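Only one structure is covered here, and it is reproduced in the block below.
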Amino acid sequence: MKAMKKLTYIFTLLLIPVLLAGCDSKLIVFDPKGPVARNLSDLIVYSIIFMAIIVLIVFVLFGFIIWKYRARKDDGDFEPEEEEGNHLLEVIWFVIPIAIVIALMIPTAKTIYEVEDIPQGYEEEEPIVIHVTSADWKWIFSYPEQGIETVNYLNIPADHPVQFKMTSAGTMQSFWVPELGGQKYTMANMQTNLFLVADQEGSFYGRNTSFNGRGYAHMDFEVQAMSNDDFNEWVQDVKNTANDLTEDEYSELLKPTVIGRKTYNGTHLEWIDHAHGGSEQYIDSDLYEIHHGEEDSSGEQEQAEDTEQETNDNAEQESEQSTDSSTHEDHSHH
Amino acid sequence: MSLDKLLVTGDPLILFSQIAIGLTMVGLVALITYLKRWKWLWNEWFTTVDHKKIGIMYIISGVLMFFRGGVDGLLMKAQTSRPDMEFLDAQHYDEIFTTHGVIMILFMAMPMLIGIMNVVVPLQIGARDVAFPKLNALSFWLFFAGAMLFNLSFVVGGSPDAGWTSYFPLAGKEFTPGVGNNYYAIALQIAGIGTLATGINFVVTITKMRAPGLKWMRLPIFTWSTFVTSIIIVAAFPILTVALAYMSLDRLFGTHFFTVAAGGDPMLWLNLFWLWGHPEVYIVVLPAFGMFSEIIATFARKNLFGYKSMVFAVVGIAFLSMLVWVHHFYTMGNSAAVNSIFSLTTMMIAIPTGVKIFNWLFTLRKGRIEFTNPMLWSLAFIPCFTIGGVTGVMLAMAAADYQYHNTMFLVAHFHYVLIPGVVFAVFAAVYYWWPKMFGFKLNEKIGKWHFWLFVIGFNFTFMPMFFVGLDGMSRRMYTYSESTGWGAWLGFSAIGSLVMAAGFAAFCYNIYWSFRYAERNVGNDPWNARTLEWATASPAPHYNFAKVPEVDSLDDFWYKKKAGKLGLKKSDIKPIHMPSNSWTPIFISVAFGIVGFFLVFEWFTLAIISSVLIIIGLIANTFDYDDGYHIPAEEVEEEEREWRGELE
């Protein structure tokens with residue numbers, strides 16, 4: 001029947017992108033740059049193999065059955081026989097899925113436990129601690145040991161474990177650097193923890209995946225993994241050149257805006273850690289009023305560009321040595 | 001509040017819609033007045049308690065809401081079709097994806113399915129109506145009031161903009177101070193009460209009103225899945241009621257259930273929402289499973305393979321659906337043990353679901369498959385849903401989910417579950433049961449256009465989303481830069497959505513065409529089906545069955561049909577007791593809508609004053625002693641003669 005041929009044709013067509021994707025290793029989740037992400041992508045590939053087999057079996061059975069048992073004009077009075085069911089068959093397709101679930105569950109559980117800890121091979125090293133504070137609509141990274149703070153970009157030493165202590169100044173966000181590892185939520189009045197390692201130098205794409213209002217789409221950041229020496233040099237540079245972070249400046253920072261990069265001497269942890277309450281004093285709901293049709297989003301953009309200019313001026317030191325990509329917006333992970 | 005704040009102004013798209021809505025309203029009122037149809041509408045539809053008419057009204061509302069939600073979807077696709085597109089601004093896009101989600105789940109999928117349940121289930125069990133016909137009307141009108149209130153937000157006051165999941169703290173007053181999310185809290189509450197009543201109604205109907213001899217293990221599989229769905233509704237909707245009540249208190253009266261300040265806990269919302277939200281997914285998918293089972297068995301010309309394991313699978317899925325809600329936030333920082341347990345319970349759902357897929361395949365095996373429109377949808381469901389299912393298992397693996405969560409991969413997955421699992425099912429069911437509702441079939445040829453355009457468009461729309469998701473695109477982004485490389489995928493996807501829209505247009509045209517030209521008098525059993533609803537006339541008479549049928553086996557109708565034992569004796573026809581129409585359900589619901597509107601705008605005095613209307617309605621209802629009327633035997637006899645010919 002014509003319909004059947006069309007159906008088969010279309011499903012073959014649909015499989016093409018799947019096959020192409022198999023060859024294209026550039027999909028970011030399959031392009032890990034650290035042990036945590038590698039662990040996850042291995043698990044994903046493992047599961048895809050099972051899933052591909054299941055899809056294949058169902059599709060082949062499906063195609064075969066509806067082709068073979070289609071009604072034909074010359075069927076005459078043929079009437080199919082009634083079938084109650086078949087215990088053996090039903091037990092088989094009850095037991096096989098159980099086996100598959102077990103086969104998937106064991107490595108899943110193993111991986112769940114593994115990614116909660118310092119990645120294997122890095123247990124001996126003392127992780128560098130970075131506090132992540134997400135706000136509307138920006139990322140604030142505090143380096144308490146180094147006494148510096150950055151906005152919307154994150155420099156880390158390569159091949160060294162990093163412990164992120166994450167919280168939010170208001171709405172909920174999710175911190176995700178797909179090339180380095182899985183994501184985790186950031187929530188006010190709470191602290192979540194994440195260990196990541198970049199086992200090579202490079203620039204990685206990071207973003208918020210949990211919708212939190214108008215500026216959400218622009219809430220991404222760049223992670224730059226650099227050699228230990230470069231990292232130390234950068235820290236020193238910031239300490240020598242960047243402005244001090246004041247409480248006023250910090251309140252300004254927490255207003256709902258889309259801004260570019262910023263670099264400061266000192267961290268806000270000296271007066272507030274959002275993991276332990278106190279965020280409400282920074283929240284001003286008047287700033288969240290919406291006005292339909294007013295060019296608010298483009299206004300935001302302009303503001304963003306302005307601040308970016310400013311930031312680039314006062315943080316020239318970064319472009320000097322390591323950061324070759326200038327703003328987070330033209331960053332590409334490809 | 002000044003008028004310019006009340007009406008959403010400034011956006012040309014919205015202005016255009018305001019004008020269009022205004023004109024349509026005026027046009028409709030004028031048309032009905034011109035045709036002198038007000039009295040007819042009131043007597044035949046607005047006050048009806050007939051389950052079939054209520055079902056049809058549900059379906060009509062569902063189709064309208066599908067249009068609205070679909071336009072939202074198309075606008076989103078247009079905005080993301082190219083990088084740095086400047087078609088919608090961020091705020092507008094946020095509102096559109098929020099209303100798209102809410103409307104598609106609560107105001108499209110739910111009424112479509114409940115509508116079909118309403119039409120079919122009492123017929124399938126040989127009942128005169130549901131157990132509580134007036135409550136059924138109240139359910140519908142409450143749903144309708146909620147839906148209308150929700151849609152009003154688009155032009156009056158501003159739409160909700162915190163996502164269909166409405167996560168706190170974002171959905172709190174501090175971060176979304178407008179009235180948009182008030183609409184969410186109030187409109188869903190009103191509609192939700194209606195749904196809860198529906199759940200209760202069907203549990204009682206199926207438990208108490210089955211025809212003599214229709215034992216549990218003889219129930220048609222669609223009735224089984226409706227029963228199980230209704231149990232989940234009764235178990236899960238009260239959680240939504242409580243969550244929305246807290247939300248309303250937070251937003252309207254300044255309490256701190258979910259706020260960041262004063263010890264509120266936003267994560268409590270996430271837990272409550274998904275404790276309802278996950279079972280909700282099964283509330284919409286299980287009836288669909290039942291529909292496919294009926295249709296596949298009918299057009300394979302065989303009985304359902306493994307009926308018993310199908311029943312146990314539905315019950316198993318329902319049970320597990322209550323135990324998996326945490327998989328919506330694996331990334332919340334739960335302990336590894338918690339995430340492992342919820343990974344396991346989630347993956348276990350694949351087991352009964354897999355059983356169902358193979359039972360369907362083996363129903364088809366050795367059958368004689370006819371590719372009618374309802375069957376095409378049911379067949380296309382199997383491969384498409386399998387893709388949704390296996391990606392669901394992938395998402396269930398918590399560790400892997402850290403890379404999928406909140407990405408387009410997730411969006412692709414749930415569209416691959418919900419569109420084949422709900423939309424395909426609804427189309428299949430509408431084509432299948434259309435003759436039982438209206439007495440004629442929808443056109444098969446236009447139906448084929450509808451089918452192919454929609455199914456191809458669906459796959460082209462959502463398949464690319466898996467890949468952009470794996471490429472790091474998170475959901476709900478209104479824009480992205482060219483350097484991400486997502487443009488090609490999303491452009492392709494946008495074209496797919498247009499094809500899908502063309503499919504929907506073909507469906508609407510099919511309804512129009514068939515109403516005008518389709519052949520009437522298709523007989524009581526146009527598909528040569530197996531279940532009891534086909535034993536009575538098409539369209540089903542007001543009283544359903546002249547004589548309540550007696551059931552001796554599963555697929556009783558099929559065997560009696562073959563044995564020629566379906567005749568009706570004249571002596572069996574007795575006067576039939578039917579419930580009377582009632583004005584109180586629509587009155588109470590309109591009152592709920594008015595009170596809801598005032599609550600949304602926090603005009604409490606007006607809300608209190610108008611809530612008197614609700615109380616009046618309830619009192620009037622309490623003192624309504626009308627316990628129905630009898631259809632005289634002669635009238636029944638005449639109606640039966642019309643389609644049966646001579647009686648025995």
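The values are calculated or read from the model by the stated rules, or taken from the named source; none is laboratory data. All of these numbers come straight from a predicted model, not from anything done at the bench. Cβ atoms come from the backbone with ideal geometry, glycine included; neighbour counts cover every protein chain shown. Only protein heavy atoms, including side chains, enter the accessible area calculation; ligands, DNA and RNA are left aside. Shrake-Rupley method; radii C 1.70, N 1.55, O 1.52, S 1.80 Å.
Numerical summary
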| read-out | value |
| --- | --- |
| Any hit, the stretch A:279-289, residues being of a type in the set (A, V, I, L, M), within 14 Å of chain B (Cβ to nearest Cβ) and open to solvent by 50 Å² or more (accessible area, probe 1.4 Å) | yes |
| Criterion: touching a helix residue (DSSP H, G or I) at 6+ places or on another chain (Cβ under 9 Å) and over 21 Å from B:W276 (Cα atoms) - qualifying residue of B:V156, B:V203 | B:V156 |
| Flag if B:K356 is of a type in the set (D, E, K, R) and touching an Asp or Glu at 6+ places or on another chain (Cβ under 8 Å) | no |
| Residue in the stretch B:466-480 that is under 30 Å from B:G447 (Cα atoms), open to solvent by less than 20 Å² (accessible area, probe 1.4 Å) and touching a residue at least 12 places away in the same chain (Cβ under 8 Å) present | yes |
| Selection count where residues are closer than 27 Å to B:K173 by Cα and not aliphatic (A, V, I, L, M), scope the stretch B:568-612 | 12 |
| Extreme residue, most open to solvent (accessible area, probe 1.4 Å), among residues of the stretch B:5-53 that are away from chain A (no Cβ under 14 Å) and not in a helix (DSSP H, G or I) | B:K36 |
| Criterion violated by B:M267 - all others in (1) buried (at least 22 other Cβ atoms within 10 Å of the Cβ); (2) on the phi < 0 side of the Ramachandran plot satisfied | (1) |
| Test: residue in the stretch B:282-291 that is under 21 Å from B:A236 (Cβ atoms) and either at the interface with chain A (Cβ under 10 Å from one of its Cβ atoms) or open to solvent by 10 Å² or more (accessible area, probe 1.4 Å) (or both) | yes |
| Residue count for the stretch B:581-614, restricted to those that are on the phi < 0 side of the Ramachandran plot and outside any helix (DSSP H, G or I) | 5 |
| Qualifying position, being at pLDDT 90 or above, crowded, with 17+ Cβ neighbours inside 10 Å and of a type outside the set (D, E), among A:V29, A:V45, A:V60, A:V55 | A:V55 |
| Which numbered condition A:L88 fails, given (1) part of a helix (DSSP H, G or I); (2) within 7 Å of chain B (Cβ to nearest Cβ) | (2) |
| Checking B:F371 against (1) assigned to a helix (DSSP H, G or I); (2) within 22 Å of B:N459 (Cβ to Cβ), the condition it does not meet | (1) |
| Residues of the stretch B:318-345 classified as in a helix (DSSP H, G or I), open to solvent by less than 20 Å² (accessible area, probe 1.4 Å) and either touching a residue at least 40 places away in the same chain (Cβ under 8 Å) or touching a strand residue (DSSP E or B) at 6+ places or on another chain (Cβ under 7 Å) (or both), total | 9 |
| Hey, B:G496 modelled with pLDDT under 90, more than 9 Å from chain A (Cβ to nearest Cβ) and either in contact with a strand residue (DSSP E or B) (Cβ under 9 Å, 6 or more places away or on another chain) or closer than 20 Å to B:A412 by Cα (or both) or not | no |
| Sole residue being part of a loop (DSSP other than H, G, I, E, B), away from chain B (no Cβ under 11 Å) and not charged (D, E, K, R), chosen from A:I118, A:I140, A:I130, A:I156 | A:I118 |
| Any strands (runs of 3 or more DSSP E) falling wholly within the stretch A:161-209 and containing at least 2 residues that are facing chain B (nearest Cβ under 9 Å) and closer than 23 Å to B:F409 by Cα | A:173-176, A:184-186, A:202-208 |
| A:D117 being charged (D, E, K, R) and either farther than 23 Å from B:H405 by Cβ or surrounded by fewer than 24 Cβ atoms within 10 Å (Cβ to Cβ) (or both) | yes |
| Qualifying residues in the stretch A:75-85 (those that are within 8 Å of chain B (Cβ to nearest Cβ) and open to solvent by 40 Å² or more (accessible area, probe 1.4 Å)) - the one farthest from the chain's Cα centre (by Cα) | A:F78 |
| Residue within the stretch B:127-137 that is open to solvent by less than 20 Å² (accessible area, probe 1.4 Å) and within 13 Å of chain A (Cβ to nearest Cβ) present | no |
| Of residues in the stretch B:393-435 being within 10 Å of another protein chain (Cβ to nearest Cβ) and of a type in the set (G, A, S), the one farthest from B:A109 (Cα to Cα) | B:A399 |
| In the stretch B:543-582, the residues that are under 30 Å from B:F623 (Cα atoms), in contact with a helix residue (DSSP H, G or I) (Cβ under 8 Å, 6 or more places away or on another chain) and surrounded by 15 or more Cβ atoms within 10 Å (Cβ to Cβ) | B:Y543, B:N544, B:I576, B:P579, B:N581, B:S582 |
| Residue within the stretch A:52-74 that is free of Cβ contacts under 8 Å to residues at least 12 places away in the same chain, more than 7 Å from chain B (Cβ to nearest Cβ) and closer than 30 Å to A:L180 by Cα present | yes |
| Single residue of B:F154, B:F144, B:F168 found to be open to solvent by 10 Å² or more (accessible area, probe 1.4 Å), assigned to a loop (DSSP other than H, G, I, E, B) and not β-branched (V, I, T) | B:F154 |
| Residue in the stretch B:437-445 that is without any contact (Cβ under 8 Å) to a residue 60 or more places away in the chain, under 23 Å from B:C508 (Cβ atoms) and within 13 Å of chain A (Cβ to nearest Cβ) present | yes |
| Unmet requirement for B:T98, which otherwise passes all of (1) over 19 Å from B:I14 (Cβ atoms); (2) within 20 Å of the chain's Cα centre (by Cα) | (1) |
| Filter result for B:T484 (in contact (Cβ under 8 Å) with a residue 12 or more places away in the chain and either within 14 Å of chain A (Cβ to nearest Cβ) or within 24 Å of the chain's Cα centre (by Cα) (or both)) | yes |
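To keep it simple, each residue is scored yes or no on (1) under 27 Å from the mean Cα position of the chain (by Cα); (2) at pLDDT below 85.
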position: A:W234; (1), (2): yes, no
position: A:D237; (1), (2): no, no
position: A:A242; (1), (2): no, no
position: A:T246; (1), (2): no, no
position: A:T263; (1), (2): yes, no
position: A:A275; (1), (2): yes, no
position: A:I290; (1), (2): no, yes
position: A:N314; (1), (2): no, yes
position: A:T323; (1), (2): yes, yes
